[in-house]
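The values are calculated or read from the model by the stated rules, or taken from the named source; none is laboratory data. Model, not experiment: these values are computed from the prediction. Backbone-built Cβ (ideal geometry, glycine too); neighbour counts: all protein chains shown.
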2 protein chains.
Amino acid sequence: MAVTLKDIAEKAGVTTATVSMVINNKPNISEATKKKVLSIAQELNYYPNIIARGLATKRSNAIGVIVPNLASGFIMRIMEGVKNTLRNANYTVILFDTIGQGVDEFKLFQRVVYEGRVDGVIVITAGSTDEELSLFKKEKIPCVLVARQSDILDSIYVNNKTGSYDAVKYLISKGHRDIGVVTVNRKNLNIEERIEGYKEALLEAGIEYRQDLVFDVTNDSIVDGVHIANKILSGSRRPTAVFSPVGDMTAIGLIKEFKKRGLRVPEDMAVVGYDDLPAALVVEPALTTVRQPKLEMGDLAINLIIDKVEKRDEAIVRRELPAKFIIRESA
Amino acid sequence: MAVTLKDIAEKAGVTTATVSMVINNKPNISEATKKKVLSIAQELNYYPNIIARGLATKRSNAIGVIVPNLASGFIMRIMEGVKNTLRNANYTVILFDTIGQGVDEFKLFQRVVYEGRVDGVIVITAGSTDEELSLFKKEKIPCVLVARQSDILDSIYVNNKTGSYDAVKYLISKGHRDIGVVTVNRKNLNIEERIEGYKEALLEAGIEYRQDLVFDVTNDSIVDGVHIANKILSGSRRPTAVFSPVGDMTAIGLIKEFKKRGLRVPEDMAVVGYDDLPAALVVEPALTTVRQPKLEMGDLAINLIIDKVEKRDEAIVRRELPAKFIIRESA
DNA sequence: TTGTATGCGTTATCAC
DNA sequence: GTGATAACGCATACAA
């Protein structure tokens, strides 16, 4: 049996109320009893029962993190940022993942909230529509969105447009005019914004936006990259460069397949990725890409959610972070 | 305010006890009240307060997972396995990470256990000594070790020796006699066992084990690999192959640096990794490596811990999984 | 089949 | 300063 307040109280000859006050560092306790209680607590190796405390205070000191899937290197880096800065805070992280979209994601959220398990939720999402997000808003619990901007919820996100714009402008400056772009075959606000950056750079250079240079992928993965590499090469008017705003893994698949098909990268075909995952450095040639500040997003997210939980700050926070275009060898 | 049993009870004209029994599907409830209560619960969008339930039942329906650090691709794959099979179980995962070793790790464990936050703990560790593990054993809570074998605790682990043995034997069959090996500069049982496999293959082939072919690294990382690649090349008797039981990232660093220094891989220098991370497929040449069944470990771990939590099975389970030697291009 | 009563370990509101 | 005592929301033994 674990040791409780009662055990300490009996041994110290006081009541549990007093012990509780000592443990929680409340004022108006004599030094004498404070010392005695504390020493007994130490001796008995007492740890407060978090569950009971949670029931009494209506606070769980836990933050829920809802992620689309753990497999992604992108998500993992964000989680790492979360954990890093959480280390010294008095909160724990409860992990929830969801493959499903929309309603399922919200159902999960709702369950988590209503069960009283967490004081706040960090949602890493990209697919949700605004209507879906408004459901999150309805719940009273603090909620911060990561990697997705929003007008109605707190959000930490990266400026998608500028990173893409820089990347495409760079390609144009290298003389490319036919620049392929890979997108994803489902609703994803981030990718859409990146495409905007692509279009803007094109427009500015007086280059026509061509639908036949847009290629769909289902996931950011090497196999998807390999797959569309072949599509790209079999097109009527072959591009001289491809930008992959969906992510680095796709770009890596592209590079691998282009090389396999006898093209030199970047001479015959330039490739630019997105995210800057560790693998960007292992592929050859090293991947030119747009870096997202993943650790920083995690860091900011956990700080923000704790602020919200503790101070109940009502204002909606929108924190935009810059993406950084990293020139390496593939373009 | 969240809706509680009481709200439902009042609306249904019964007591909270009855409602509780309905919610928990207890027997001996009339179909009529069951139906009525359930429909009201649904209407009010009721979710049981997990914290309160936890206090009453002394069960939290949460599993703690203690990991050394989230950054590692190896750990992440295990976590993915955990989450995958957890999806339909009625448990949540609470994540704890620890960079520190030994005492700190145990302090964290103890806190987690005593606070009553979790019903069981999965510990992914490699560095802990047997004495440290015996501390874990002392606590009454179920605990399964992953990626680390043990006589005193439940453990899910990979046979380290055979994978290494296969790898080194393969190198020998290719004519290599001077085979470098990279190890880690701190206590790590897994690596030690892999070194055993290396030694055994050597011994069997009548090749002397030479200390000057053993190279230390601090972490499994590309930079560490690059670093020791130079050490290896500057040695008096240069090996013709290097086996990196510490992991794939080191092996990738080796390959990159060997190539940079003008060596051909595998012709001039063969390289074999360990783990089979995604990056093993992106490096050129593709990495020959020893695959660990990471998803499977996660899967088994979560199933085992839930079994232990629910059935209080006392027997110590030791589940050994095989490693698989994967031949690709780097050796 | 359902209601009553009690406890889980804490915190919080009062008196004293 | 400290002690009673009542919550917190739920589960459960026992009574009815």
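Given (1) at positive phi; (2) touching a residue at least 40 places away in the same chain (Cβ under 8 Å); (3) more than 19 Å from the chain's Cα centre (by Cα), where does A:GLY262 come up short, assuming only one miss?
For A:GLY262, the exception is condition (2).
Rundown of residues vs (1) more than 11 Å from DNA strand D (Cβ to nearest atom); (2) over 24 Å from A:ARG77 (Cβ atoms), yes/no style:
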{"residue": "B:ALA2", "(1), (2)": "no, yes"}
{"residue": "B:ASP7", "(1), (2)": "no, yes"}
{"residue": "B:GLU10", "(1), (2)": "yes, yes"}
{"residue": "B:PRO48", "(1), (2)": "no, yes"}
{"residue": "B:VAL65", "(1), (2)": "yes, no"}
{"residue": "B:PHE106", "(1), (2)": "yes, yes"}
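Take segment A:68-94 and flag every residue that is among the polar types (S, T, N, Q) and over 11 Å from the mean Cα position of the chain (by Cα).
A:ASN84, A:THR85, A:ASN88, A:ASN90, A:THR92, listed by residue number.
When segment B:140-170 is examined, which residues are found to be touching an Asp or Glu at 6+ places or on another chain (Cβ under 6 Å) and among the β-branched types (Val, Ile, Thr)?
B:VAL144
Residues that are at positive phi, more than 10 Å from DNA strand D (Cβ to nearest atom) and not in a helix (DSSP H, G or I): does segment A:67-84 have at least one?
no
Output the qualifying pairs, or none if there are none: Cβ atoms under 6 angstrom, residues six or more apart or on different chains, first residue in segment A:307-329 and among the acidic types (Asp, Glu), second residue assigned to a loop (DSSP other than H, G, I, E, B) and surrounded by 15 or more Cβ atoms within 10 Å (Cβ to Cβ).
Every condition considered, the pairs that remain are A:GLU320/A:ASN159; A:GLU329/A:PRO285; A:GLU329/A:ALA286.
Please specify each residue of segment B:25-46 satisfying the condition of being closer than 25 Å to A:GLU139 by Cβ and either near DNA strand D (Cβ under 8 Å from one of its atoms) or part of a helix (DSSP H, G or I) (or both).
Answer for segment B:25-46, where residues must be closer than 25 Å to A:GLU139 by Cβ and either near DNA strand D (Cβ under 8 Å from one of its atoms) or part of a helix (DSSP H, G or I) (or both): B:VAL37, B:LEU38, B:SER39, B:ILE40, B:ALA41, B:GLN42, B:GLU43, B:TYR46.
Just checking: which of the strands (runs of 3 or more DSSP E) contained wholly in segment A:273-331 hold 3 or more residues that are within 19 Å of the chain's Cα centre (by Cα) and at pLDDT 95 or above?
A:289-291, A:318-321
What residue, among those in segment B:19-33 that are surrounded by 16 or more Cβ atoms within 10 Å (Cβ to Cβ) and more than 6 Å from DNA strand C (Cβ to nearest atom), is nearest to the other protein chains (Cβ to nearest Cβ)?
If we take residues in segment B:19-33 being surrounded by 16 or more Cβ atoms within 10 Å (Cβ to Cβ) and more than 6 Å from DNA strand C (Cβ to nearest atom), then B:ILE23 is nearest to the other protein chains (Cβ to nearest Cβ).
Quick test of your reading of the structure: A:ARG59 fulfils all but one of (1) surrounded by fewer than 20 Cβ atoms within 10 Å (Cβ to Cβ); (2) at the interface with chain B (Cβ under 9 Å from one of its Cβ atoms). Name the failing condition by number.
Unmet for A:ARG59, out of (1) surrounded by fewer than 20 Cβ atoms within 10 Å (Cβ to Cβ); (2) at the interface with chain B (Cβ under 9 Å from one of its Cβ atoms): (2).
Against the definition (touching a Lys or Arg at 6+ places or on another chain (Cβ under 7 Å), away from chain A (no Cβ under 12 Å) and within 13 Å of DNA strand C (Cβ to nearest atom)), how does B:VAL37 come out, yes or no?
no
Could you list, in sequence order, all residues of segment B:1-18 that are more than 8 Å from DNA strand C (Cβ to nearest atom) and either within 16 Å of B:ALA56 (Cβ to Cβ) or assigned to a helix (DSSP H, G or I) (or both)?
Once the filter is applied, which keeps residues that are more than 8 Å from DNA strand C (Cβ to nearest atom) and either within 16 Å of B:ALA56 (Cβ to Cβ) or assigned to a helix (DSSP H, G or I) (or both), segment B:1-18 yields B:THR4, B:LEU5, B:LYS6, B:ASP7, B:ILE8, B:GLU10, B:LYS11, B:ALA12.
Yes or no, residue by residue, for (1) touching a Leu at 6+ places or on another chain (Cβ under 7 Å); (2) basic (Lys, Arg); (3) within 14 Å of chain B (Cβ to nearest Cβ); (4) crowded, with 23+ Cβ neighbours inside 10 Å:
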site: A:ASP224; (1), (2), (3), (4): no, no, yes, yes
site: A:LYS231; (1), (2), (3), (4): no, yes, no, no
site: A:ARG238; (1), (2), (3), (4): no, yes, no, no
site: A:GLY247; (1), (2), (3), (4): no, no, yes, yes
site: A:PHE258; (1), (2), (3), (4): no, no, yes, yes
site: A:ARG261; (1), (2), (3), (4): yes, yes, no, no
site: A:GLU267; (1), (2), (3), (4): no, no, no, no
site: A:TYR274; (1), (2), (3), (4): no, no, no, yes
site: A:VAL283; (1), (2), (3), (4): no, no, yes, yes
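Within segment A:40-51, how many residues turn out to be away from DNA strand C (no atom under 12 Å from the Cβ) and of a type outside the set (D, E, K, R)?
Residues that pass the stated criteria total 2.
Only one of these is closer than 28 Å to B:LEU277 by Cα and without any contact (Cβ under 8 Å) to a residue 24 or more places away in the chain: B:LYS199, B:LYS137. Name it.
Matching residue, one of B:LYS199, B:LYS137: B:LYS199.
Tell me, which residue of segment A:85-123 that is part of a loop (DSSP other than H, G, I, E, B) and modelled with pLDDT of 90 or more is farthest from A:LEU55 (Cα to Cα)?
In this case the residue turns out to be A:TYR91.
Exactly one condition in (1) surrounded by 18 or more Cβ atoms within 10 Å (Cβ to Cβ); (2) within 29 Å of B:ARG319 (Cα to Cα) is not met by B:ASP151; state its number.
Among (1) surrounded by 18 or more Cβ atoms within 10 Å (Cβ to Cβ); (2) within 29 Å of B:ARG319 (Cα to Cα), B:ASP151 violates only (1).
Test B:ARG59 against the stated conditions and say whether it is among the charged types (D, E, K, R) and either within 16 Å of DNA strand C (Cβ to nearest atom) or not in a helix (DSSP H, G or I) (or both). I'd like the intermediate steps shown before the answer.
On the way: among the charged types (D, E, K, R): yes; either within 16 Å of DNA strand C (Cβ to nearest atom) or not in a helix (DSSP H, G or I) (or both): yes.
Yes; evaluated as a whole, the condition is true for this residue.
Since B:ASN45 meets every condition but one in (1) touching a residue at least 40 places away in the same chain (Cβ under 8 Å); (2) within 8 Å of chain A (Cβ to nearest Cβ); (3) within 27 Å of B:LYS308 (Cβ to Cβ), which condition does it not meet?
(3)
Considering segment B:158-184 alone, what residues qualify as being crowded, with 22+ Cβ neighbours inside 10 Å and not β-branched (Val, Ile, Thr)?
Correct list: B:ASN160, B:GLY163, B:SER164, B:TYR165, B:ALA167, B:LEU171, B:HIS176, B:GLY180.
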